[in-house]
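The next block holds one structure in the form of structure tokens; read it before the comments.
What follows draws every value from the coordinates through simple rules; no lab data is involved. Every value quoted in this text rests on a predicted model; they were computed, and no experiment measured them. Cβ sites come from the backbone with ideal geometry, for glycine too, and all protein chains shown count toward neighbours.
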Amino acid sequence: MTIRTVVLFAATLLFSATMAQAPSSAASLGNPASLNERAPNSYKAKFVTSKGTFVIQVTRDWAPHGADRFYNLVKAGFYNDARFFRVIDGFMVQFGISGNPDVSAAWSNANIPDDPVRESNARGTVTFATAGPNTRTTQVFINFNNNAGLNGQGFAPFGKIISGMDVVDSLYKGYGEGAPRGNGPNQALIKAQGNAYLVTQFPKLDYIQKATIE
């Protein structure tokens with residue numbers, strides 16, 4: 001049995017144990033349609049990471065669909081143990097692919113409608129990643145710099161870091177852009193193999209220990 005197979009098996013056992021301990025939230029992660037609660041008009045999401053803690057203030061009026069999706073994902077524990085898999089110095093840090101392949105598969109087509117861009121992609125703002133119109137699912141990014149050029153491309157910020165931006169700045173950047181354009185993780189392989197792939201191939205990546213609604 002290869003090391004990668006052992007790690008993947010261990011990750012599967014861990015996910016199963018998590019479901020047994022918290023059936024309501026863990027089970028919901030396999031059923032995106034069940035996570036459709038309307039978010040408060042304003043809320044805070046606390047992220048405890050391998051480098052420290054940061055807090056996101058979400059304002060629903062900025063991007064209602066994005067704010068609602070993020071609220072449900074955080075509340076259900078989707079981001080727990082997820083890696084910051086795309087960290088580009090001077091641009092942004094991206095996360096939001098589950099460490100469990102089964103969960104990734106469940107959310108692959110759970111798209112939400114686009115929101116109008118009402119706030120600029122300034123430093124510290126948090127925005128859903130998109131691959132085109134109405135394709136947002138679970139991936140988000142935090143802007144390191146003023147990336148106003150993204151505004152015209154439909155990237156709608158829904159929140160902003162209000163504490164711990166120094167933690168965000170310190171996240172490991174050594175792998176750079178993802179494959180095939182760079183030497184970083186391949187998103188298709190993350191979805192297919194989860195944290196088993198990232199732990200063995202990109203062990204220096206920082207990660208989210210736990211994310212909660214405050």
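Rounded to the nearest 20, the Cβ-based charge dipole of the range 20-112 about its Cα centre (Lys and Arg +1, Asp and Glu -1) stands at 200 debye.
Counted by Cβ distance under 14 Å from residue 69, the other residues give a net charge of 0, where Lys and Arg count +1 and Asp and Glu count -1. The distance between label points at residue 106 and residue 53 comes to 2.8 nm (points 7 Å beyond Cα on the Cα→Cβ vector).
Taking Lys and Arg as +1 and Asp and Glu as -1, the other residues whose beta-carbon sits under 11 Å from that of residue 103 total -1. About its Cα centre, the dipole of the chain is roughly 180 debye, where the only charges are +1 on Lys and Arg Cβ and -1 on Asp and Glu Cβ. Considering helices alone, the calculated mean residue ellipticity of the chain at 222 nm is -8500 deg cm²/dmol, with DSSP H runs of length four and up weighted by -39500 (n - 2.57) and normalised per residue.
Projected onto planes of every orientation and averaged, the convex hull of the alpha-carbon atoms in the chain covers 11.0 nm². Taking 7 Å steps out from each Cα toward its Cβ at residue 33 and residue 134 produces label points 1.7 nm apart. Under a model in which nothing but the beta-carbon of Lys, Arg (+1) and Asp, Glu (-1) is charged, the range 144-214 shows a dipole of about 200 debye around its Cα centre. Take the Cα of residue 148, step 7 Å toward its Cβ, do the same at residue 118, and the gap between the two points is 2.0 nm. Most simply put, the chain has about 95% antiparallel DSSP beta bridges, counting only bridges with both residues inside it. Legend: distances between Cα atoms for 75/160; 44/210; 75/173; pairs beyond 20 Å are 75/173. For the chain, the relative contact order is 29 percent, taking Cα pairs closer than 8 Å that sit 6 or more residues apart in sequence and dividing their mean separation by the residue count. Within the same chain, aspartates and glutamates fewer than 8 places from residue 46 are excluded, and of the rest, those with a Cα less than 13 Å from its Cα are 214.
Over the range 89-162, Cα pairs under 8 Å with separation of 6+ residues give a relative contact order of 40 percent.
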